Amino acid sequence: MSSRARKAGLAIMAATLAFAGAVYGVTRPASADVTAQLSGPQLVADMGAGWNLGNTLEASINGVPSETAWGNPTVTQAFIDRVRAAGFKTIRIPVAYLNHIGAGPNYTVDAAWLTRIQEVVDYAYNRGLYVLINMHGDGYKSVAGSWLICDAADQTTIRAKYQRVWQQVATRFQSYNDHLIFESMNENFDGQYGNPTQPCYSNINAYNQIFVDTVRRTGGTNASRWLLVPGWNTNIDHTVGGGFVIPTDQYRSATIPAAEQRLMISVHYYDPWDFAGQEDGTITQWGAAATNPAKKSVWGQEDFMDGQLKKMRDTFVTRGYPVFVGEYGSIDKTAYDSANNRYRADYARTLVATAKKYGAATAYWDNGYNGQHGFGLFNRSSGAVTQQGIIDAIMSAVGGSQPSSPPASPSTSPSSSPSASPSASASPSNSPGGTGSCRVSSAVNAWNTGLTNSITITNTGTTAINGWSLAFTLAAGQSIVSGWSAGYSPTSGRVTATNASYNGALAPGGSTTIGYQASHTGNAGAPTGFTLNGATCS
């Protein structure tokens, strides 16, 4: 988020109470040798609902980054588990380096800071989530110690420093699989909110090119990793309207299909600002459901949002470049209008649904602050959800979708050919417990010693299901090593998958998709013997 709004709520107390997180699925660190390359549409679908760990690793005091500098507590594994349990599958982690970078020509990043960044990344990555890290605070003129300034005089020094920092970061995460995505920078621009200027925009394009070349040349998974690049201030109009140059990707891995890209385009969305971020009570309602025209902005409603995201689809997605709306959201104005949270939920739901329609993934901006003018969805100290209505809106819009077709073989095993196991499609049958009929389909993608499976559960009955457990039998020699959208126990043999907090309700005709990654010893067959709440599905 821009510096004009990102510090909302810096006066909150920095309580650092630990708490116990709910167990959510069976997980272990994901390794590069079992990750599958996903195409752009598959990646966007698999990223699901995204969330920002804002005002934390990009926080700083007098040019020194510190995760508690702006009032948020130290990040814990238990807290990230709570975010995951709420249904989020992607976490964007803004990062500042600033005075943790040493002098040239080596520009060495402080080892303890880099280690802490890795620890926080691992909290999410080791739970099977997608993780994005960037260079966030270093490009704001308003932040002490900033240096990635596009209209500064000494661009030679800036570019050398930028290259060295990304080289160190990329090398640290070289072996991480494609669930880790790097973002070149945040909202880089010259500080004025008019039209882009030169040579500033040319320098931003140059930074993006240096970023892509540097990361690719470090090798390992970085040669095929998805990389995220923004245009001017992550502004949609200034990204599609000329001036933005997509970097070349000449050093990418030869294992990437020639017709596919591995670059994503980053934009942010806070329109209309008088509703989303302006800290007063003038505009508190948004969308077609608004009841008071005086409280609703004269622009930036559903049709405008649709048009903006369609521009991104038409300009980038159609050419194979996925779009990531890395920040969106609206501040709490319930002090002025008690119904405000309803419109905040409408705004989030519409943004996520519209982005999904046009091939974009999203991440809600959460600055950790709850209360007047805050963006928070969770209490960072206790882990409690504070805005369940907004979370529910996000989850309803993103759905439980998984990649639309089986992913390709792992990038680290180009010689292995994927084998799709037959679909385990069940005929519906009546449940003896009155929980309705069910249909289950299973799509397995296997490689040498591993596989992924996406299971879609459909309620074919006439009554709603509220809370479900899906039991199935894994083939001999298979063992689940990570899972998503359900809890899995045990990890082999007869397994029971239990719904997550956001997908337990299945209306008649409704469906949800869950999945897991498993190891195998040669038998990569689909699971069998599906039962839903005791009712046989296959």
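The values are calculated or read from the model by the stated rules, or taken from the named source; none is laboratory data. Only a predicted model underlies this, so the values are computations on that prediction, with no experimental measurement involved. Every residue, glycine among them, receives a Cβ derived from its backbone with ideal geometry; neighbour counts consider all protein chains shown. For the accessible areas, the whole protein counts, side chains as well, though only heavy atoms, and no ligand, DNA or RNA atoms are used. Shrake-Rupley method; radii C 1.70, N 1.55, O 1.52, S 1.80 Å.
Is region 411-431 home to any residue that is at pLDDT below 95, under 23 Å from the mean Cα position of the chain (by Cα) and open to solvent by less than 40 Å² (accessible area, probe 1.4 Å)?
yes
Suppose we filter 374, 326, 389 for residues that are modelled with pLDDT of 95 or more, part of a loop (DSSP other than H, G, I, E, B) and closer than 18 Å to residue 51 by Cβ; which single one remains?
374
Among the residues of region 143-176, which ones are open to solvent by less than 20 Å² (accessible area, probe 1.4 Å), part of a loop (DSSP other than H, G, I, E, B) and touching a strand residue (DSSP E or B) at 6+ places or on another chain (Cβ under 8 Å)?
143, 173
Which numbered condition trips up residue 267, out of (1) assigned to a loop (DSSP other than H, G, I, E, B); (2) among the β-branched types (Val, Ile, Thr); (3) within 30 Å of residue 41 (Cα to Cα)?
Answer for residue 267: the failing condition is (1).
Quick test of your reading of the structure: residue 260 fulfils all but one of (1) in contact with a Phe, Trp or Tyr (Cβ under 8 Å, 6 or more places away or on another chain); (2) open to solvent by 50 Å² or more (accessible area, probe 1.4 Å). Name the failing condition by number.
Condition (1) is where residue 260 drops out.
Looking for something open to solvent by 10 Å² or more (accessible area, probe 1.4 Å) and over 29 Å from residue 43 (Cβ atoms) - is there at least one such residue anywhere in region 324-332?
yes
May I ask you to verify whether residue 124 is open to solvent by 10 Å² or more (accessible area, probe 1.4 Å) and of a type in the set (A, V, I, L, M, F, W, C)?
No.
If I ask for residues that are of a type outside the set (Gly, Ala, Ser) and within 25 Å of the chain's Cα centre (by Cα), which ones from region 507-525 would you list?
512, 513, 514, 516, 517
Quick one: which of 444, 481 is at pLDDT below 90, within 27 Å of the chain's Cα centre (by Cα) and open to solvent by 10 Å² or more (accessible area, probe 1.4 Å)?
Unique residue meeting the criteria: 481.
What pairs come up if the first residue lies in region 106-118 and is in contact (Cβ under 8 Å) with a residue 12 or more places away in the chain, the second is in a strand (DSSP E or B), and their beta carbons are under 7 Å apart, counting only those six or more places apart or on different chains?
107/101; 109/101; 113/65; 117/133
Counting only residues that are at pLDDT 95 or above and either among the hydrophobic types (A, V, I, L, M, F, W, C) or open to solvent by 30 Å² or more (accessible area, probe 1.4 Å) (or both), how many does region 214-231 have?
7
Please verify whether residue 408 is open to solvent by 40 Å² or more (accessible area, probe 1.4 Å) and either hydrophobic (A, V, I, L, M, F, W, C) or modelled with pLDDT under 95 (or both), treating the condition exactly as stated.
yes
What's the total number of residues in region 54-72 that are open to solvent by 10 Å² or more (accessible area, probe 1.4 Å) and either within 29 Å of residue 178 (Cβ to Cβ) or part of a loop (DSSP other than H, G, I, E, B) (or both)?
6
Would you be able to say whether some residue in region 145-153 is under 23 Å from residue 97 (Cα atoms) and under 21 Å from the mean Cα position of the chain (by Cα)?
Within region 145-153, none of the residues are under 23 Å from residue 97 (Cα atoms) and under 21 Å from the mean Cα position of the chain (by Cα).
If we keep just the residues of region 92-121 that are among the charged types (D, E, K, R) and closer than 22 Å to residue 366 by Cβ, which is least open to solvent (accessible area, probe 1.4 Å)?
The qualifying residue least open to solvent (accessible area, probe 1.4 Å) is 92.
Is it true that some residue in region 295-303 is over 30 Å from residue 131 (Cβ atoms) and buried (at least 24 other Cβ atoms within 10 Å of the Cβ)?
Among the residues of region 295-303, not one is over 30 Å from residue 131 (Cβ atoms) and buried (at least 24 other Cβ atoms within 10 Å of the Cβ), which makes the answer no.
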